[in-house]
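Comments concern the structure below.
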Amino acid sequence: MDFFNNEQDNSKRNEQLLDIIMEEHKRREKKHNINKGYLLNKRTGKVSNPFERDPKLEEDNSKNDDRDFKHAPVNSGATGEPAFVVKGGTYHSNKKKLSKKSIITIISFSVALVLIAAVVFCCVYFLSEHKINIVCGNRQGITLVDSKNKEINEISLRLNEEISFKIVINKNYSNSNVEVWYNNKKLEPNKDGYYTIKCFGNPADLRIMGVVENDYSITFDNGNGYNYYANAESGVVDLLNGQTKTNFFGNTLSFKVLDKNSNIVKQPYIAVYSNNTLLTPNEFGVFEVKFDNDQNITLKDHSPYEYFKIEEETVEDTTTYTITGLTEMGLKSKVLVLPSEYNDEELEYNFVGLNYYPNVEEIILPYGSLLNPINYNYFNDLQKITISENSTVNDGYYTENGLLYLKAEVVSYAEGERQTQTLTQLVKCPDGYGKTLNEGERIVSVNPDEICSYAFNKLNYIKTIEIGSNTFSIQPLALKSTNSSNTYTINFNNNTHFKVVNNIIYSYDESEIVAAPFYSGELTIPSGKTILENAFAFSGLTSLKFESTATLSSGALSLMEELKTIVMPSNVSELTTNMLFGNISLETIDLRNVSGVITISNNTIENWLIVKNIVVKDDQLENYLTTYADAPFVNMFISVTEFDNQNS
């Protein structure tokens, strides 16, 4: 067979030529360090030399072709056609060309491998657990629990998986201010105290910060003249002066503070503080301190100022301090010790408001200080008044049987000579006096020279007041100066200055009406009586009638809160601002006994809307209407005849 498809059979010669060409080809590859060969093309024309260059490619390859053919001419045979020619400048690959089917197979296989690898990666990534690193400086100070209260020691989550946990602060770490951070974001607990975290696949730290161990101690700073003692069921067991107790977290320490000499100290003669907070002992005088932070126990002598509301006022560089009320602690106290000084300045007392401080049973006044008697009226259940360090004095204030007295020197001049005498005044009987007495024993006996205003105010328990022979003066509003549901009887024992007639206190000769604290209903005053100031104040009078003349002291007809009708004395010449002050229910002012037109002040009645009638003589009606044509009460004038007809 002819290898080059020539007409003559030149198989042997062709094989020889092929060997020569391949040897040359290998030499060239080695020389030029290439892995490509020249393609063999058939020659279309007749040539005498099989190595003749292709004239079409001669020009293009002349610059780069360095082939050096030196073989002898070869006889091309009878036809003169070449066996083959070399096509310069054209290269071929040694690789075998793939079919389309093979390419598709390879691509499909590659895609399958990629998909398998992706599935394996996803399974590993999504289904495997990722450990959450718990970072805490004092891990022993906290316990992590899940929603079932099961302890959590480590956390491992799959991708997008969540976990909720609560942080329990362990003993001795209660002062910790815990913060929780996850993936550099601060977490906040829900209303039940649970935190929630979610796994995002990337390495994550759960950081729990602020967990610190508590440092607890208690120091007993020794007060002046007092001892601290630990208290147990068996009694006083351990002197604590100057000691510091540690590691008391979660425990309650009970102790007493006692006077070194008497072994008795009664609150509030002393003040015990824990971290500047005033402590209150129990009924046995035992203080208790529970350790929930650093403690410091201190003691101060006398009553703490925390019982009182103190008002400061500065005028021209002079500062004054006034006790105006009680703090919440004071309101709960049964015994109040009034301090005499504050910031090295003397204190004034001026309790205000309508709160009667129902828990206060005793007030202890410092010697030389005075609480305005009217201020005692705010202590509705006060049973006893005490002045410290003083029982009897020649002058000044003192207390006896829980009542407050004053001894004072009084100077008088008789027959041109100066005379000095010491008088005893009853200043105050507490409103709650007698509460601890049996019902039949609720009697108070007094025998001062004088009973002061507001001495007996709202006696809530006393049933009888016994007044002795020494009493010669009773000041206005001294007896039942405000309304009280309690009524009591007043008796004068061998007294030649006063007497009681029909629940009205008269002077001994009955020329003066001193007070009518328990009189109720209607009262007619005989002619010629003298009415002392506030004689009917706060009584239960609803109608007061003067038969004719009377001598009225200033304010004699004031503060009759129940009074509706008053028939004025015939000798009255004017109605002034103070005369009918405080008669808040007054409807009728009757001037039928008065001759002529009298002076009526526009301020006689605080609220003229309450008054319905001003009764005047028939022949004076027109004169009153003319005189007071512009007055706010002009329409209230009515004649005696018309008034009586309306009320008959």
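The values are calculated or read from the model by the stated rules, or taken from the named source; none is laboratory data. Just so it is clear, the structure is predicted and the values come from calculations on it, not from any experiment. So basically every Cβ, Gly included, is an ideal-geometry build from the backbone, and we count neighbours across all protein chains shown.
What to note about this one:
- When the stretch 165-189 is limited to residues that are surrounded by 14 or more Cβ atoms within 10 Å (Cβ to Cβ) and under 19 Å from ASN133 (Cβ atoms), the one that is modelled with the lowest pLDDT turns out to be ASN183.
- In the set (1) surrounded by 12 or more Cβ atoms within 10 Å (Cβ to Cβ); (2) assigned to a loop (DSSP other than H, G, I, E, B), the condition left unmet by ALA629 is number (1).
- So LYS435, is it at pLDDT 80 or above, touching a Ser or Thr at 6+ places or on another chain (Cβ under 8 Å) and among the charged types (D, E, K, R): no
- Qualifying positions in the stretch 283-326 - at pLDDT 80 or above, within 22 Å of the chain's Cα centre (by Cα) and in a loop (DSSP other than H, G, I, E, B): none
- Residue within the stretch 450-459 that is among the aliphatic types (A, V, I, L, M) and touching a Ser or Thr at 6+ places or on another chain (Cβ under 8 Å) present: yes
- Yes/no for TYR454 being outside any loop (DSSP other than H, G, I, E, B), among the hydroxyl-bearing types (Ser, Thr, Tyr) and crowded, with 18+ Cβ neighbours inside 10 Å: no
- Exclusive hit being surrounded by 19 or more Cβ atoms within 10 Å (Cβ to Cβ) and among the polar types (S, T, N, Q), set ASN502, ASN494, ASN534: ASN534
- Boolean, GLU622 is assigned to a helix (DSSP H, G or I) and of a type outside the set (Ser, Thr, Tyr): yes
- Within the stretch 392-451, the set of residues being small (Gly, Ala, Ser), surrounded by 16 or more Cβ atoms within 10 Å (Cβ to Cβ) and out of contact with any Pro (no Cβ under 7 Å at 6 or more places or on another chain) comprises GLY432, GLY434.
- ASN593 meets the conditions (1) surrounded by fewer than 17 Cβ atoms within 10 Å (Cβ to Cβ); (2) part of a loop (DSSP other than H, G, I, E, B) in every case but one. The failed one is (1).
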